[in-house]
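The values are calculated or read from the model by the stated rules, or taken from the named source; none is laboratory data. Predicted, not measured: the structure shown is a model, and the values here were computed from it. Because the Cβ atoms are built from the backbone with ideal geometry, glycine has one as well, and the counts that use them run over all protein chains shown. Surface accessibility is based on the protein's heavy atoms, side chains included, excluding ligands, DNA and RNA. Shrake-Rupley method; radii C 1.70, N 1.55, O 1.52, S 1.80 Å.
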Amino acid sequence: MKIVYWIATGLLSALMLFSAGMYFFNHEEVVQVFTSFNYPSYIIYPLATLKLSGIIVILLNKWKFLKEWAYAGFFFNFVLAFFAHQQAGDGEWAGALMALVFLLTSYFVGKKVRP
């Protein structure tokens, strides 16, 4: 079970690092995507920062209260991303669904193997 937890958490972390990196380093491309969803572009940098912060909190496992909020924040982010891509019809919803699977696996298996 620990191996499953660390694989899911590692893949979730890698996905979030990649996503935050895109937000920081391909900002103009991300602005176009957010604009196509009718989302404001000023939330890109704060969202990227929160993604990085959430991964740090989950991996460190020191602040249980913050860890629950990090998982909850990621959950809502992935669900909203899934539906945004569905509504836009751009076919890019699979990444959000994959992230949701990693997140739920990390969360529920982590409840069993981590104190």
In deg cm²/dmol, rounded to the nearest 500, the helical mean residue ellipticity at 222 nm of the chain, built from -39500 (n - 2.57) for every DSSP H run of length 4 or more, is -28500 deg cm²/dmol
Full extension between Leu60 and Asn38 adds, at 0.36 nm per residue less the Cα distance, a length in nm of 4.4 nm
Inter-part gap, Cα centre of the range 8-55 to Cα centre of the range 66-86, in whole angstrom, is 12 Å
Scoring the chain by relative contact order with C-alpha pairs under 8 Å, at least six apart, yields a percentage of 36 percent
Toy charge model, Lys and Arg Cβ at +1, Asp and Glu Cβ at -1: the chain dipole around Cα centroid in debye, rounded to 20, equals 840 debye
Among Leu52, Leu80, Leu12, the residue with the largest mean-square fluctuation in a Gaussian network model of the chain built from Cα contacts under 10 Å is Leu80
Largest first and rounded to whole Å, the semi-axes √(5λ) derived from the alpha carbon gyration tensor of the chain read 26, 15, 11
Cα-only Rg/Rh for the range 1-63 with Kirkwood Rh rounds to 1.09
Computed over the chain: longest principal axis from alpha-carbon atoms vs helix 44-60 long axis, angle to nearest 10 degrees, is 10 degrees
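I need the semi-axes of the equivalent ellipsoid of the range 71-115: take the C-alpha gyration tensor, multiply each eigenvalue by 5, square-root it, list largest first in whole angstrom.
Details: eigenvalues 128, 18, 4 Å².
For the range 71-115, the semi-axes come out at 25, 9, 4 Å.
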The FRET efficiency for Phe18 and Phe83, from their Cβ-Cβ distance with R0 = 22 Å and rounded to 0.05, is 0.55
Residue-normalised value, i.e. accessible area per residue, for the range 1-97 at 1.4 Å probe, in Å², stands at 63 Å²
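Quantify, in whole percent, the carbon and sulfur part of the accessible surface of the range 37-82 (1.4 Å probe; protein heavy atoms only).
77 percent
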